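The values are calculated or read from the model by the stated rules, or taken from the named source; none is laboratory data. Computed from a predicted model, the values in this text were never measured in an experiment. Backbone-built Cβ (ideal geometry, glycine too); neighbour counts: all protein chains shown. All accessible areas refer to the heavy atoms of the entire protein, side chains included, with ligands and DNA or RNA removed. Shrake-Rupley method; radii C 1.70, N 1.55, O 1.52, S 1.80 Å.
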Amino acid sequence: MKLHCEVEVVSRHLPALGLRNRGKGVRAVLSLSQQTPKNPPRPPAGGERGGQHPACLLISTLKDKRGTRYELKENIEQFFTKFVDEGKATVRLKTPPVDICLSKANSSSLKGFLSALRLLHRGCDVEAPLSTLTPVKTKEFEKFKTKMVITSKKDYPLSKNFPYYLEHLQTSYCGLVRVDMRMLCLKNLRKLDLSHNHIKKLPATIGDLIHLQELNLSDNHLESFSVALCQSTLQKSLRSLDLSKNKIKALPVQFCQLRELTDLKLDDNELIRFPFKIGQLTNLRFLSAAQNKLPFLPSEFKNLSLEYLDLFGNTFEQPAVLPVIMLQTPLTLLESSARTILHNR
């Protein structure tokens, strides 16, 4: 049984020595192992698998593939699992006096692994087979890959999952007609590029990617951007959104709830209007909406603090009556009241 995650082993003696730990985990493979003798005796009927040869926890890293072994039977002082749903947990050992801090793990895999640890701590048997104390192969660490770029159909993985720890995924020119649901399991994803495909609709579950900061959907067949996405966790995470070269005619008013947006590209769509509350996008600095069908800009547009604006190629209408713009400085209250007194004698 194995678990892929980041691990930091913290000695509880460090504070007494006036030292501090690094505070940063390393990518590791955790294995529940059992040392097998060269001539193992035949186990008695009904005997426990780990009875004579106690199971241990083996932590292997890319630099130390042989790993460090920790005994488990009656050696776990406490489990800390408050943030297990976020892929985090800590196992406190008695001997040696260390805390094994786990992070960036698949939450369901982590829960199963911790359950097995509890059983082995009590000296009980587990359903999953225990591995032998052998060095971890380098290919095991490929699962920690954080960036993947796919730019053709032939390279698109059909029979295997995407590496769980991906932070940047690009799948362009792959002929996708929908978002692959396997992508929505990549909880560490920060940048998702699905440009140059044939996607017509976005699943609301994209909003479950809580760390997603950049989303590129340019050159697809989208006709809308759903309200569900606007009201998802993307409100807090999304910084850059590219919807250029689609078939979008309008954005919902809830789109203005994506207030962390700094870059927005809407070029080459069929936009006939901006959301009337667009002034609520107070962090927006880059806005490009060239080659659309915008006849006018909403009044709240003046509340934006843009550094770059491109509205080339839109069909803006000439207003029937040009507004009178007063550019003079407002009068002080004293001068205004004095003028009123003089006017009324």
Legend entry - Matching label, Cα Rg over 2.2 N^0.38 Å computed from the structure shown, candidates (1) 0.99; (2) 1.08; (3) 1.46: (3)
Inset, instruction - Quick one: what are the phi-derived ³J(HN,Hα) couplings along the stretch 281-298, Karplus 6.51/-1.76/1.60 with θ = phi - 60°, whole Hz, x for glycine and proline? - result: 7, 5, 8, 5, 10, 10, 9, 10, 9, 6, 6, 10, 10, 6, x, 7, 10, x
Inset, instruction - Please go through the residue pairs K245/K277; K147/K191; K249/K302 and name each one whose alpha carbons sit more than 18 Å apart in this structure. - result: K245/K277; K249/K302
Legend entry - D_trans [Stokes-Einstein, Kirkwood Rh over alpha-carbon pairs] for the stretch 272-341, 4 °C, 1.567 mPa s, µm² s⁻¹: 86 µm²/s
Legend entry - For the stretch 196-314, convex hull volume per residue from C-alpha positions, Å³: 85 Å³
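For the chain, give the magnitude of the charge dipole about the Cα centre (Cβ charges: +1 Lys/Arg, -1 Asp/Glu; no others), in debye to the nearest 20.
Taking the Cα centre of the chain as origin, the dipole is about 1100 debye.
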Inset, instruction - Summarise the accessible area of the stretch 217-338 (1.4 Å probe, protein heavy atoms) by the percent that is carbon and sulfur. - result: 55 percent
Inset, instruction - Under 9 Å from the Cβ of K147, count the other residues' Cβ atoms, weight Lys and Arg +1, Asp and Glu -1, and hand me the total. - result: +1
Inset, instruction - State, as an integer percentage, the relative contact order of the chain based on alpha-carbon contacts under 8 Å between residues 6 or more apart. - result: 9 percent
Inset, instruction - Rank L192, L212, L333 by mean-square fluctuation in a GNM of the chain with C-alpha springs under 10 angstrom and give only the top-ranked residue. - result: L333
Legend entry - Proximal charge balance of T90 [Cβ under 10 Å; K/R count +1, D/E count -1]: +1
Legend entry - Whole-number accessible area per residue in Å² for the chain, which is evaluated in the context of all protein chains at 1.4 Å: 60 Å²
